[in-house]
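S.K.: Dropping a structure here in structure tokens format, bear with me for questions.
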Amino acid sequence: MSIFNQSEKAYLLLADGTVFEGRSFGAKGTVIGEVVFTTSLTGYQETLTDPSYYGQIVTQTFPLIGNYGVNDEDFESAKSYVSGYIVREWCNTPSNFRSQGDINEFLVKHNVIGIHSIDTRCLTRKIREVGVMNGAITTENVNEKKEELLEKIKAYKITDAVKSVTGTEIKSYSNENPEYKVVLFDFGYKRNIRNELVNRGCEVIVVPADTTAEQIKEISPDGIMFSNGPGDPAENTEIINNIREISKLGIPIFGICLGHQLMALAHGAKTEKLKYGHRGANQPVIDKVLSKTFVTSQNHGYAVVGDSIDPSEGTVSHINANDGTCEGMRYSKENAFTVQFHPEAHGGPQDTAYLFDEFIDMMKKEMH
């Protein structure tokens with residue numbers, strides 16, 4: 001059963017001055033962020049714990065959120081990275097045998113300010129027409145501080161995103177008797193990427209985002225994974241330079257999302273900011289090699305400009321069936337490939353987890 005919680009008022013103020021009045025849930029106060037939307041029907045807990053949403057206020061387009069509760073097993077990271085959370089209707093009476101609590105308790109615990117009972121369809125249409133824009137959620141009277149808040153909203157910018165979410169220590173994960181050693185760069189990685197590798201017989205060594213080629217040589221891995229993460233990829237100049245050197249080591253490389261973008265930038269490509277991004281579990285992607293279209297899970301606001309890379313360096317392997325943007329690259333001079341979407345997220349009936357198997361095969365061939 002879903003019900004509207006008769007809580008205190010909350011407001012969403014957009015950079016263009018638009019105000020949505022709703023009700024508060026989660027933490028109280030005021031937060032500023034980039035307002036985006038995700039079209040996923042399920043997986044709200046994974047959304048809330050995905051580091052790629054750092055600095056963003058996330059709108060769920062699906063009207064009912066919270067009906068199956070939350071649990072400790074489905075976290076993609078140890079905490080929530082969203083700046084704020086927007087839903088049409090939230091359910092405070094979840095029903096699911098795996099549920100360990102409700103979404104309101106989760107938001108309070110992780111200090112996430114939320115707003116419900118607003119017209120999320122109207123908000124989503126505005127973002128689609130105008131593009132993502134900054135905004136603020138506040139439980140204070142927005143009319144008393146609107147101009148002051150608008151100045152802060154317009155000045156807001158997501159910076160140092162990867163530095164803010166990456167770990168600082170090297171950690172190892174594996175089952176018994178692993179066959180392969182894989183370095184997983186933590187640009188804000190999702191746990192299921194690690195799990196997919198561990199389940200395929202890998203010892204996964206998670207390293208900080210600024211790990212250098214020299215440090216990688218000391219670890220001597222069989223493969224390298226560049227993870228997802230938040231923010232503008234082009235601002236990570238030090239990491240891009242490191243990737244340029246790491247690519248020369250001759251170790252098989254697989255990149256996902258931000259890792260895909262950083263690898264492309266390291267090879268001379270350009271990236272661009274999309275009007276409203278690709279966020280959701282229903283994004284169609286064409287694999288040009290297999291001539292098949294897959295339904296994928298995605299979360300990104302930037303994309304690689306496919307024709308900006310020298311053909312001698314790499315070629316586009318996947319494209320988005322909706323807008324034709326680059327969704328994957330294969331590299332000519334290195335044993336490497338990358339994708340923009342999330343193959344670990346199982347977005348459709350024919351999933352793209354086969355890419356992890358391809359990565360394993362690359363390491364196997366290199367070893368033998």
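The values are calculated or read from the model by the stated rules, or taken from the named source; none is laboratory data. Model, not experiment: these values are computed from the prediction. Here the Cβ is made from the backbone with ideal geometry for all residues, glycine too, and neighbour counts use every protein chain on show. SASA here: full protein model, heavy atoms, side chains in, ligands and nucleic acids out. Shrake-Rupley method; radii C 1.70, N 1.55, O 1.52, S 1.80 Å.
S.K.: From 151, 176, 196, which residue is open to solvent by 10 Å² or more (accessible area, probe 1.4 Å) and in a loop (DSSP other than H, G, I, E, B)?
M.R.: Sole residue among the options that is open to solvent by 10 Å² or more (accessible area, probe 1.4 Å) and in a loop (DSSP other than H, G, I, E, B): 176.
S.K.: Only one of 121, 125 is modelled with pLDDT of 95 or more, open to solvent by 80 Å² or more (accessible area, probe 1.4 Å) and out of contact with any Pro (no Cβ under 9 Å at 6 or more places or on another chain). Can you tell me which?
M.R.: Answer to the selection: 125.
S.K.: Evaluate the stretch 350-361: report whether one residue or more is open to solvent by less than 50 Å² (accessible area, probe 1.4 Å) and modelled with pLDDT under 95.
M.R.: yes
S.K.: Just to verify a result, which residue in the stretch 8-64, among those that are in contact with an Asp or Glu (Cβ under 7 Å, 6 or more places away or on another chain) and under 15 Å from residue 297 (Cβ atoms), is most open to solvent (accessible area, probe 1.4 Å)?
M.R.: Among residues in the stretch 8-64 that are in contact with an Asp or Glu (Cβ under 7 Å, 6 or more places away or on another chain) and under 15 Å from residue 297 (Cβ atoms), the one most open to solvent (accessible area, probe 1.4 Å) is 46.
S.K.: Follow-up. Yes or no: residue 136 open to solvent by less than 10 Å² (accessible area, probe 1.4 Å) and either in a strand (DSSP E or B) or free of Cβ contacts under 8 Å to residues at least 60 places away in the same chain (or both)?
M.R.: Against the criterion (open to solvent by less than 10 Å² (accessible area, probe 1.4 Å) and either in a strand (DSSP E or B) or free of Cβ contacts under 8 Å to residues at least 60 places away in the same chain (or both)), residue 136 qualifies.
S.K.: I'd like to check something: does the stretch 222-244 contain any residue that is over 16 Å from the mean Cα position of the chain (by Cα), assigned to a loop (DSSP other than H, G, I, E, B) and among the charged types (D, E, K, R)?
M.R.: yes
S.K.: When you go through 38, 61, 47, 30 one by one, which is the residue that is more than 26 Å from residue 341 (Cβ to Cβ), polar (S, T, N, Q) and touching a helix residue (DSSP H, G or I) at 6+ places or on another chain (Cβ under 9 Å)?
M.R.: Just one listed residue meets the conditions, 30.
S.K.: Restricting attention to strands (runs of 3 or more DSSP E) lying wholly within the stretch 246-330, give those where 1 or more residues are under 16 Å from the mean Cα position of the chain (by Cα).
M.R.: Once the strands (runs of 3 or more DSSP E) in the stretch 246-330 are filtered for at least 1 residues that are under 16 Å from the mean Cα position of the chain (by Cα), what remains is 253-256, 271-287, 292-304.
S.K.: Can you name every residue in the stretch 279-299 that is within 12 Å of residue 327 (Cβ to Cβ) and open to solvent by less than 10 Å² (accessible area, probe 1.4 Å)?
M.R.: Answer for the stretch 279-299, where residues must be within 12 Å of residue 327 (Cβ to Cβ) and open to solvent by less than 10 Å² (accessible area, probe 1.4 Å): 285, 287, 296, 298.
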